[in-house]
1. For E95, which of the numbered conditions (1) on the phi > 0 side of the Ramachandran plot; (2) without any contact (Cβ under 8 Å) to a residue 12 or more places away in the chain fails to hold?
2. For segment 1-38, which positions are surrounded by fewer than 10 Cβ atoms within 10 Å (Cβ to Cβ) and either at pLDDT 85 or above or hydroxyl-bearing (S, T, Y) (or both)?
3. Any chance segment 71-82 includes a residue that's of a type outside the set (D, E, K, R), part of a strand (DSSP E or B) and either touching a helix residue (DSSP H, G or I) at 6+ places or on another chain (Cβ under 7 Å) or at pLDDT 90 or above (or both)?
4. Looking only at residues in segment 43-66 that are outside any strand (DSSP E or B) and touching a residue at least 12 places away in the same chain (Cβ under 8 Å), which one is surrounded by the fewest Cβ atoms within 10 Å (Cβ to Cβ)?
5. Got a number for residues in segment 88-106 being exposed (fewer than 13 other Cβ atoms within 10 Å of the Cβ) and not in a loop (DSSP other than H, G, I, E, B)?
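The values are calculated or read from the model by the stated rules, or taken from the named source; none is laboratory data. This structure is a prediction, so every number in the text was calculated from the model and none was measured. Positions of Cβ are backbone-derived with ideal geometry, glycine not excepted, and every protein chain shown enters the neighbour counts.
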Amino acid sequence: MKKILAFAFIILKSFNSFAQTDSSTIEQYCQLIATPRLLSNKVTIDIDFGEQKKFWVDTRIKDYDGTLKKFNTIIDALNFMGKNGWIFINAYPVESDNTVIYHYAFKKQFLRKDIAQY
């Protein structure tokens, strides 16, 4: 009887061992691009997460209530990225047609299971 109970216990315990979750992480990157507006002190902020741009799909950043997220300054956008867990890597300016466009690179760790597979 003890052998049967021990065998049943081992069998039931082995079912739990297969219920492991993938806790490995993967590093993802994004780029924040700050372009000065024409005849204004404000900037236009674009965030590139590396997704494919589609003509009919709005990929702009939205608040939790669904309204478009507008940034007052570059610092406002950088604080937004920091609040969402993105870590600043590097910043560099690119000059084009007498306009300086600033690029900011960020990275963040995600669980591998949460990232869409290509």
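1. In the conditions (1) on the phi > 0 side of the Ramachandran plot; (2) without any contact (Cβ under 8 Å) to a residue 12 or more places away in the chain, E95 misses (1) alone.
2. Selection gives S14, S17, T21, S23, S24, E27.
3. no
4. So in segment 43-66, the residues outside any strand (DSSP E or B) come out as 49-61, 63-66.
From what's left, touching a residue at least 12 places away in the same chain (Cβ under 8 Å): 49-50, 61.
Details: F49: 11, G50: 8, I61: 15.
Residue satisfying both the conditions and the ranking: G50.
5. So the count comes out to 9.
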